[in-house]
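Each value in this text was obtained by applying a stated rule to the coordinates, not by laboratory testing. Bear in mind that the values here come from a model prediction, so they are computed numbers and not experimental data. Here Cβ is always computed from backbone atoms with ideal geometry, including for glycine, and neighbour counts include all displayed protein chains.
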Amino acid sequence: MNKEITQNGLWTNNVALVQLLGLCPLLAVTNNTINGIGLGVATMVTLILSNTLVSLIRGFIRSEVRLPVFVLIIACVVTVIELLMKAFFFDLFLVLGIFIPLIVTNCAIIGRAEGFASRNPVGASALDGFMMGLGFLGVLALLGAMREIIGSGTLLANADLMFGKPAKALTITFNEDYSGFLLAILPPGAFFGLAILIAAKNAMGVRAKDRDTLIDPTLNT
Amino acid sequence: MNKKQILISGVFLWVFAVVGTTFVAVTEDTTRSKIEDNERLVLLRNLNALLPAEQLDNDIVNDTGTVPASGLLGTQDDTIVYRARLEGKPIAVIFNSIAPNGYSGKIHLLVGVYADGSIAGVRAVKHSETPGLGDAIETQKSDWIFSFNSRSLDSPKPSKWLVKKDGGDFDQFTGATITPRAIVLAVKKTLLYYQQNSDNIFQ
């Protein structure tokens, strides 16, 4: 069960690459790695908490009001995260500010609440939230890194916003004279990048299937 | 029976609303002072970027005045000005101006003006100009915005407060004329506003 949840969240049923949910913030913030990681972590924490809370109340929730209750839980969790971020990562909040409240509208979160947490035990639901969130975070970070490297020739710029002053050293500049490739940073670059990631994932899936077929030809029948 | 069901659901929702609101309210209450501190620090950092801390000795974040909406400042509401003093004497004032005609809407500026009418510095605090072209107004991207430092309405003459392409004294950037044009005009108008109102601002 746990292995299946992990595999589903990270790969087979990945929020961004397979379910294609939450694309608005995904496409909007990934113009660099740190923004991607920041929003990814916030989404992941929201998913863990909302899944856990929904699972806790699943026994006595009344089905006719379950969706408003889910929305209420998610909205509360996101608001609390926003406040905590303002209190402890204010500079990052200044960058990600408008996207944090938008997590409420990320269909992936209510999707997991309705589709998984409302009918599974707490532990499994928390794990599902973590893995789904991690899968989303991974794609955000990867897409952010791709766009940052191609678009501005750096990696992990502004790391100090998230990890404090010493993290400034984490920034890698590949070429001081790189004049940048604007397309990668602008919204079309986000679509191209995501398309490449989805295509790559599908290609790997097809290849894995081919290999299985070679080993056991009966699989396809 | 049906009525009873509805009532139970209603109470259920109500309980959740109360619990959720309480939770948010408690968090808001515990983080409020920390958030206010953060906002003040960021503001102070922005103000100090225009006016080095050693040039003033008052609490500039709280020494504010209100100026009414003005076409010269590009504002449609009352805005706050920050006043810098040294030993009680006015040193400089920092305006929140708006350049309404950026390439992608309004560009919010902080414009610091010394008491003698020369510029302490200009910063773009909020804008949505094109990344890679118009965003050269940010200090992280280029030094362009420093070109206003210590300019005034005497240098250059008001008729030269234009980008070079329009026959003025200020550089535009490659590929973007509209953004610098908007900012040059906004800064010039802010200086005009100061010229006309310098007597009341420090009251």
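Taking B:K126 as the anchor, which lysines have their alpha carbon closer than 16 Å to its alpha carbon, excluding any fewer than eight residues away along the same chain?
B:K126 reaches B:K106, B:K141.
Run the simple label-point estimate for B:I6 and B:D29 please: 7 Å along Cα→C-beta, distance reported in nm.
Between B:I6 and B:D29, the label points sit 3.6 nm apart.
Counting alpha carbon pairs within less than 8 Å and at least 6 residues apart, what relative contact order, in whole percent, applies to the stretch A:1-76?
About 15 percent, as a whole number.
At q = 0.07, 0.15 Å⁻¹, what is the log10 ratio I(q)/I(0) for the protein assembly as shown, with the Debye formula run over Cα points and no solvent?
-0.47, -1.35
Taking just the C-alpha trace of the stretch B:73-177, give me its Rg and Dmax in Å.
Cα only, the stretch B:73-177: 14.5, 46 Å (Rg, Dmax).
Write out the chymotrypsin sites (Phe, Trp or Tyr not before Pro) in the stretch A:30-121 meeting two conditions: DSSP loop, and at most 15 other Cβ atoms within 10 Å of their Cβ.
Loop-located and lightly packed - A:F60.
With label points built 7 Å along Cα→Cβ from the Cα atoms of B:Q55 and B:S128, find their separation and express it in nm.
For the pair B:Q55/B:S128, the computed spacing is 3.3 nm.
Skipping prolines and chain starts, which residues have an amide H placed within reach, meaning under 5 Å, of the one on A:Q19, given they are 5 or more residues away or on another chain?
Amide H neighbours of A:Q19, under 5 Å, 5+ apart: A:N14.
If I model a spin label at A:R119 and B:D63 as a point 7 Å from the Cα along the Cα→Cβ vector, what separation in nanometres do I get?
6.7 nm
Given R₀ = 51 Å, FRET efficiency for B:E87-A:A28 by Cβ-Cβ distance, to 0.05?
0.55
For the stretch A:34-82, report the convex hull volume of the alpha-carbon atoms normalised per residue, in Å³, without decimals.
Value for the stretch A:34-82: 61 Å³ per residue.
For the stretch B:1-50, what is the charge dipole size about the Cα centre, in debye to the nearest 20, if Lys and Arg each add +1 at the Cβ and Asp and Glu each add -1 at the Cβ?
That gives the stretch B:1-50 a dipole magnitude of about 260 debye.
For the stretch B:1-109, state which chymotrypsin sites (Phe, Trp or Tyr not before Pro) are in a DSSP loop and have at most 11 other beta carbons lying within 10 Å of their beta carbon.
Nothing satisfies the criteria.
What is the set of long-range amide H partners of B:Q172 at a cut-off below 5 Å, with H atoms built 1.01 Å from backbone N?
Under 5 Å from the amide H of B:Q172: B:K164, B:K165.
Compare the Cα positions of B:V67, B:S97, B:V81 along the charge dipole of the stretch B:42-118 (+1 at Cβ of Lys, Arg; -1 at Cβ of Asp, Glu; about the Cα centre) and return the one farthest towards the positive end.
Sorting the options by dipole projection puts first B:S97.
Report the charge-dipole magnitude of the protein assembly as shown in Debye, nearest 20, computed about the Cα centre from +1 at each Lys and Arg Cβ and -1 at each Asp and Glu Cβ.
980 debye
Please find the FRET efficiency linking B:T22 to B:D78, where r is the Cβ-Cβ separation and R0 is fixed at 41 Å, and quote it to the nearest 0.05.
0.70
If you project the alpha carbons of chain A onto the principal axes, what extent comes out on each, in Å, largest first?
Largest to smallest, the principal-axis extents are 60, 55, 29 Å.
If every alpha-carbon in chain B counts as one equal scatterer, what log10 I(q)/I(0) does Debye give at q = 0.13, 0.15, 0.17 1/Å?
-0.74, -0.92, -1.13
Defining a contact as two alpha carbons under 8 Å apart and six or more residues distant in sequence, what relative contact order in percent does chain A show?
This gives 32 percent for chain A.
Using each residue's phi in the stretch A:93-98, evaluate 6.51 cos²θ - 1.76 cosθ + 1.60 at θ = phi - 60° and report the 3J(HN,Hα) Karplus result to the nearest Hz, with x for Gly and Pro.
For the stretch A:93-98, the Karplus-derived couplings read 4, 4, 7, 8, x, 6 Hz, x marking Gly and Pro.
Taking the Cβ of A:V54 as the center, what net charge do the other residues with Cβ under 14 Å away carry, scoring Lys and Arg +1 and Asp and Glu -1?
+3
Can you give the helix-only mean residue ellipticity at 222 nm for chain A, where every DSSP H stretch with n ≥ 4 adds -39500 (n - 2.57) and the sum goes over all residues, rounded to the nearest 500 deg cm²/dmol?
The helix contribution divided over chain A gives -21500 deg cm²/dmol.
So if we plug the beta-carbon distance of A:T171 and A:L67 into 1/(1 + (r/R0)^6) with R0 = 35 Å, what FRET efficiency do we get, rounded to 0.05?
It comes to 0.20.
What lysines sit close enough to B:K165 to cross-link, taking a C-alpha to C-alpha distance under 18 Å and skipping anything fewer than 8 places away on the same chain?
Straight-distance partners of B:K165: B:K157, B:K188.
Can you put B:H108, B:H127 in order of Cβ neighbours within 10 angstrom, beginning with the fewest?
Neighbour counts put them in this order, fewest first: B:H108, B:H127.
If you plug each phi of the stretch B:10-23 into the Karplus form 6.51 cos²θ - 1.76 cosθ + 1.60 with θ = phi - 60°, what whole-Hz ³J(HN,Hα) values come out, in order, with x for Gly and Pro?
Working through the residues one at a time gives x, 4, 4, 4, 4, 4, 5, 4, 5, 4, x, 5, 4, 4 Hz.
Rounded to the nearest 20 debye, what is the charge dipole size of chain A about its Cα centre when +1 sits on each Lys and Arg Cβ and -1 on each Asp and Glu Cβ?
Dipole magnitude for chain A comes out near 420 debye.
Which of the aspartates and glutamates could a cross-linker bridge to A:K165, judged by Cα under 15 Å and excluding same-chain residues fewer than eight apart?
Answer for A:K165, where 15 Å is the Cα cut-off: A:D91, listed by chain and number.
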